[in-house]
Every structure is written in structure tokens, then in C-alpha cells.
Amino acid sequence: MRRTAHAIAAAAALAVLSACSQNSGAPGSSSAAAPTATSAPATSQSPAAPPTTPPASPPPPRTDAPPAPPGCPSANWGTGAKEAAGSSTDALYLVRVGRHDCYDRVVFTINGTAAAGYSVRYVPLVTADPSGRPLPVPGGAVLQVVIRAPEQGADTSGHQPGRVLAATGDYLYPSARLASWPSLRAVRFAGFFQGQCTFAVGTRAKLPFRVLALPDAVNHVERIALDLAH
């Protein structure tokens, strides 16, 4: 009985030793593979958003006319009729134009210092004096200018005999010569009758104007200046 128990114990020990030898690997090796470290997948960095700038302010609205230069005269301007009493028997012999910073100017020169009256007003159409024939001029508006003095050639002063100022309907300054001017468009002679000369002055629009009497005692002339605002 005791011998049988010893035999069973020996058999059990042998079975255990046999199982251990089967589960053990080569010296220094491990039966289970070591886990491999895995790195996190590379992520591409999103590009930085471009800096945002506020939208540009819209440009100021355009205006039809530039601002008047500093120092432009402001008195005695308007679109209403302008008149002065008086008359002269001396010849109106010269009409000139000039361009200034604030206005375009038309100058009527009379060969004498007597105060010649005038009448200047906007009208729908200037007509020839005395026939009444229509005399249109370029521009958005027209001024009828009456100077109470005879035209050269119809006076009795004897200044430059044989010469006349112009024939009725003649352009003293046509639009081609004034194309780049801010305000003045044309000057046309509308005739002489009963001691006064009439002119049609075309303007860009119905602009403010002024009239100045400029006597020149040194040169013995009278100038009447019509200024058209820019």
C-alpha cells in the first residue's frame, strides 16, 4: 500500500517536470513577443488663417465741379439780371476773353472814359438786333449782354476809321477756341441798333456771374468785365 502511494507520487512529479520543460523556451528568450511601440500617426498642421483686414472705405462721391480755390471772390455773384445806367458815344472797339483761377472773363473795351451802361441777363435765346433773327450759341445757357455804346465803325469818334467791330452773327470767339474752358463756350455779336451793341455769350450752364465797370483813365478807355464762375 505504502509502495503504491510512492509510485503514484513519483508519477505525478514526473508529469509536472515534463510539462515545465515543454513550456520553457531557449535560454534568454521569451515565448511572448514584446509589444512594439506604435507612434501616433503624424498629423499635418493646418496653415494659419491669413490675417483679415477691414474692407477699404468706398471712395467719396464725385462731384461735377471741383471745389473753388481758396480766395475766390464771393460778393456780387448770382444768376439774376445785372444792369447799370449810362451810355457812351465812344466806340466799343475790342472784345477779349481771359481765363482765371475762379472764373472765365469777357471784357468789352470802349474808346473813352464815359460810363457806358449795360444790361446782362440769362435768356432762352438771343436774337439779332434789330432783325429778330435767332442767334443760337453753344452751351447749356446763354447770356444776353447789351453794352450801351456804338460798335466801332458806327461811332463818330474817328477811332481807327474804316474798321468795324464785327458783322451781325459773327463769332468773336467760337466754341472751338473755348473747348477746354470751364465756363465760357462762345461769344457772338448780335448787332448794333439805337446806340447799343448786343452779344450772345454761351455758358456751360446757368452759372453765377458778375459785371464790373473798370474805367482806365491812364489809357482813356472804359472796360466792362463779365465774369463767369467756374
Hypothetical label at W181: residues of the stretch 191-230 whose amide nitrogen lies under 13 Å (7 Å Cα-Cβ projection): 200-205, 226-230
Under unit Cβ charges (Lys, Arg +1; Asp, Glu -1), what dipole magnitude, rounded to 20 debye, does the stretch 128-230 have relative to its Cα centre? 400 debye
The stretch 166-212 - Rg over Rh from alpha carbon coordinates, Kirkwood radius: 1.02
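Read-outs throughout are calculated quantities, based only on the coordinates presented, and are distinct from any laboratory measurement. The structure presented is a predicted model; accordingly, all values stated were derived computationally and were not measured. Every residue, glycine as well, gets a Cβ built from its backbone with ideal geometry; the counts of neighbours run over all protein chains shown.
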